[in-house]
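Asks: Next up is a structure, given as structure tokens.
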Amino acid sequence: MVITAHPDDAEFGPAATCARWIDEGSVGWLVCCTSGDAGGEDPDLDPLELAATREREQRAAAEIVGYAGVTFLHQPDGALANDLALREHLVREIRTFRPDIVLATDPDTLFYGNDGVNHTDHRAAGLAAVDAVYPAARNPMAFPWLARSGLAAHSVKRLYLFWSNAPTARVDVSATLDRKIAALRAHASQLKEPEKVDAWVRESAAERGATIGTTYAEAFRVVIIDEDQDEAPSDD
Ligand SMILES: [Zn+2]
């Protein structure tokens, strides 16, 4: 499960990794907290119309990557808050789709190195995802009405945090980078220079790939919450 703030975050982020895992048999689901209704430069643009456009673009991109579906939580773009209401929304999604892994923006990233500020919604969505995964989703006493209505507690095993200043893992995405580029192109309303997308994505993925000896890679800070049972040492 990928949890993002805006339509297009999943494509600028971990799309090639998700495409690879889906190709290998995983089921992917995307949860988008806002519909990107403030993601334009024209103050006269109707935010509802923009949100509809961006949801359409996100669904098209998600289809290219291969997600089984997308949930939009319709939170306000630019004003996303890691509050209890958002946490409940995310716990509901996690307990419904029961993912082993949640991918989200690294909430520790306030600046991208010394090159820019990380959007407040990205930080809020990342923190909300972490707080929903642990402890809320696994604790049957958190939002007890969810468990009583059939959404049993669920333990996510790992977090894969993208846009991190402290990545600990790289995923070989040489086979699926083209899908990431195609999915990014679906976000036509957000691409000021669409002709540059291809080169830009290849360049950054090649830099990461060089560190592990592959053509292309994506980078993550991986947080292990539960060891996989089959990897854990056994008593017998
Ligand atoms: Zn964003």
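Asks: Ordered by residue, what ³J(HN,Hα) values in Hz, to whole numbers, does region 94-106 give under the Karplus form 6.51 cos²θ - 1.76 cosθ + 1.60, where θ = phi - 60° and Gly and Pro are x?
Replies: 4, 6, 6, 9, 6, x, 6, 10, 10, 9, 8, 5, 5
Asks: Using +1 at the Cβ of each Lys and Arg and -1 at the Cβ of each Asp and Glu in region 147-192, identify which of Ala183, Ala166, Ala147 lies farthest towards the dipole's positive end.
Replies: The one lying farthest along the dipole's positive direction is Ala147.
Asks: Another question, then. Which whole-number percent is the relative contact order of region 120-193 (Cα, under 8 Å, 6+ apart)?
Replies: Contact order relative to length: 19 percent.
Asks: Tabulate in residue order the Karplus-calculated ³J(HN,Hα) for region 117-125, using 6.51 cos²θ - 1.76 cosθ + 1.60 with θ = phi - 60°, rounded to whole Hz; enter x for Gly and Pro.
Replies: Once θ is set to phi - 60°, the couplings for region 117-125 become 9, 7, 3, 4, 5, 5, 5, 5, 5 Hz.
Asks: What residues have an amide H closer than 5 Å to that of Thr71, excluding those fewer than 5 places away on the same chain, when H is modeled at 1.01 Å from N in the peptide plane?
Replies: For Thr71, whose amide H was placed from the backbone, the distant partners under 5 Å are Leu30, Val31, Cys32.
Asks: How much of the DSSP bridge set in the chain is antiparallel, in percent, rounded to the nearest 5? Display every interim value, and only then the final one.
Replies: Details: 9 of 24 bridges.
If we restrict to bridges inside the chain, about 40 percent are antiparallel.
Asks: Using +1 on the beta carbon of Lys and Arg, -1 on that of Asp and Glu, and nothing else charged, what's the dipole of the chain about the Cα centre, debye to 20?
Replies: 380 debye
Asks: Here is a follow-up. Provide the descending list of Cα extents for the chain along its principal axes, expressed in whole angstroms.
Replies: So the extents along the principal axes, rounded to whole Å, are 56, 46, 34.
Asks: Shifting gears a bit: Given +1 on the Cβ of Lys and Arg, -1 on the Cβ of Asp and Glu, and no further charges, what dipole in debye does region 1-82 carry about its Cα centre, rounded to the nearest 20?
Replies: Around 440 debye, computed over region 1-82.
Asks: Then there's this: If you plug each phi of region 42-51 into the Karplus form 6.51 cos²θ - 1.76 cosθ + 1.60 with θ = phi - 60°, what whole-Hz ³J(HN,Hα) values come out, in order, with x for Gly and Pro?
Replies: Going residue by residue, I get 9, x, 8, 5, 6, x, 5, 5, 4, 4 Hz, with x marking Gly and Pro.
Asks: So, one more: Less than 15 Å Cβ to Cβ from Val223, Lys/Arg counted +1 and Asp/Glu -1: what total charge do the surrounding residues give?
Replies: With Lys, Arg at +1 and Asp, Glu at -1, the neighbours total -3.
Asks: Choose one answer from Thr17, Thr211, Thr105: the residue with the largest mean-square fluctuation in a GNM of the chain with alpha-carbon springs under 10 Å.
Replies: Thr211
Asks: Ok, one more. Where does the chain land at 222 nm, in deg cm²/dmol rounded to the nearest 500, when only DSSP H runs of n ≥ 4 count, each adding -39500 (n - 2.57), divided by all residues?
Replies: -11500 deg cm²/dmol
FYI, it's all coordinate maths here, none of it is from the lab. Model, not experiment: these values are computed from the prediction. Ideal geometry is used to build each Cβ from the backbone, glycine not excepted, and the neighbour counts take in all protein chains shown.
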